[in-house]
Amino acid sequence: MAAAAAQISKKRKFVADGVFYAELNEFLTRELAEDGYAGVEVRNTPSRTEIIIRATHTQNVLGEKGRRIRELTTLVQKRFRFSESAVELYAERVQNRGLCAIAQAESVKYKLLNGLAVRRACYGVVRFVMESGAKGCEVVVSGKLRAARAKAMKFGDGFMIHSGQPTRDFITTAVRHVLLRQGVLGIKVKIMLDHDPSGRQGPKNPLPDIITILEPKDESYITEPISQDFGRPAAEPVAEAPAVAAQ
């Protein structure tokens, strides 16, 4: 695949990379839904392609003695026609699953499948997300919730922005569909991350409209009128002549 990518144009390469990522993400979403799948990252090196799977339960992704991760590696290798040992899969644990929108959307999905009330399931997820250190959270469930008429219910807490570049930097979104007896429900989870200078729990840069007021510097008080000419260079200090010893 790497050799073929070197011969095609830049435009086709970017499209091919996007299609590869979309199909890989869809496959892993279906395969690892119950194991807390939280996204995938593809890294291309000169020798091989590395695929990092982020999940909340990495032990389930690896399987007993690494059996499941080897099965997934073989499936990806055969589907996308990688050569032998040209692709490698790794599992990475999500540090804070309360700040992962994909993990929380799956949580709402399985709560609804187990028969929990919509209001209780959503409020539980919103509270857990806010306790994990998020700046804001919003959960929307739409479909035939109780009656035959479809409607949407929105649950939110904290601070949430809806426009501008900060929505791409600070907000993580996930959408899931859950098939119930009365029909399909749509679940949308939005989590707004807080500013983190270290970059682990959120973006390093703060929101652009945040204003920091600095404390004024200590200045010496002026007790008498002074005059200073800024156009004239400052006079050099005159060196004192060394004292001559008396004869």
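The values are calculated or read from the model by the stated rules, or taken from the named source; none is laboratory data. Note that the structure is a prediction, hence the values are computed from the model and not measured. Using ideal geometry, Cβ is built from the backbone for each residue, glycine included, and neighbour counts are taken over all protein chains shown. All accessible areas refer to the heavy atoms of the entire protein, side chains included, with ligands and DNA or RNA removed. Shrake-Rupley method; radii C 1.70, N 1.55, O 1.52, S 1.80 Å.
Residues in region 60-116 that are buried (at least 19 other Cβ atoms within 10 Å of the Cβ) and part of a loop (DSSP other than H, G, I, E, B): 94, 100. Scanning region 165-209 for residues that are assigned to a loop (DSSP other than H, G, I, E, B), touching a Gly at 6+ places or on another chain (Cβ under 9 Å) and among the small types (Gly, Ala, Ser) yields one hit, 202.
Which residues, counting only those in region 84-118, are among the polar types (S, T, N, Q) and either touching a Ser or Thr at 6+ places or on another chain (Cβ under 6 Å) or in contact (Cβ under 8 Å) with a residue 40 or more places away in the chain (or both)? Don't jump to the end; show me each part of the working.
To start, the set of residues in region 84-118 that are among the polar types (S, T, N, Q) comprises 85, 95-96, 104, 107, 114.
95, 96, 104 - these are the residues of region 84-118 that are among the polar types (S, T, N, Q) and either touching a Ser or Thr at 6+ places or on another chain (Cβ under 6 Å) or in contact (Cβ under 8 Å) with a residue 40 or more places away in the chain (or both).
Filter region 117-146 for residues that are modelled with pLDDT of 90 or more and open to solvent by 60 Å² or more (accessible area, probe 1.4 Å) and give the result. Once the filter is applied, which keeps residues that are modelled with pLDDT of 90 or more and open to solvent by 60 Å² or more (accessible area, probe 1.4 Å), region 117-146 yields 119, 120, 123, 127, 128, 131, 135, 144. Take the residues of region 161-182 that are modelled with pLDDT of 90 or more and in contact with a Lys or Arg (Cβ under 7 Å, 6 or more places away or on another chain): which is surrounded by the most Cβ atoms within 10 Å (Cβ to Cβ)? So, considering only residues that are modelled with pLDDT of 90 or more and in contact with a Lys or Arg (Cβ under 7 Å, 6 or more places away or on another chain), the one surrounded by the most Cβ atoms within 10 Å (Cβ to Cβ) is 176.
Residues that are closer than 18 Å to residue 126 by Cβ and touching a residue at least 60 places away in the same chain (Cβ under 8 Å) within region 185-200 comprise 185, 187, 188, 189, 190, 191, 193, 194, listed in sequence order.
For region 156-178, the criterion of being over 18 Å from the mean Cα position of the chain (by Cα) and under 23 Å from residue 37 (Cβ atoms) is satisfied by at least one residue.
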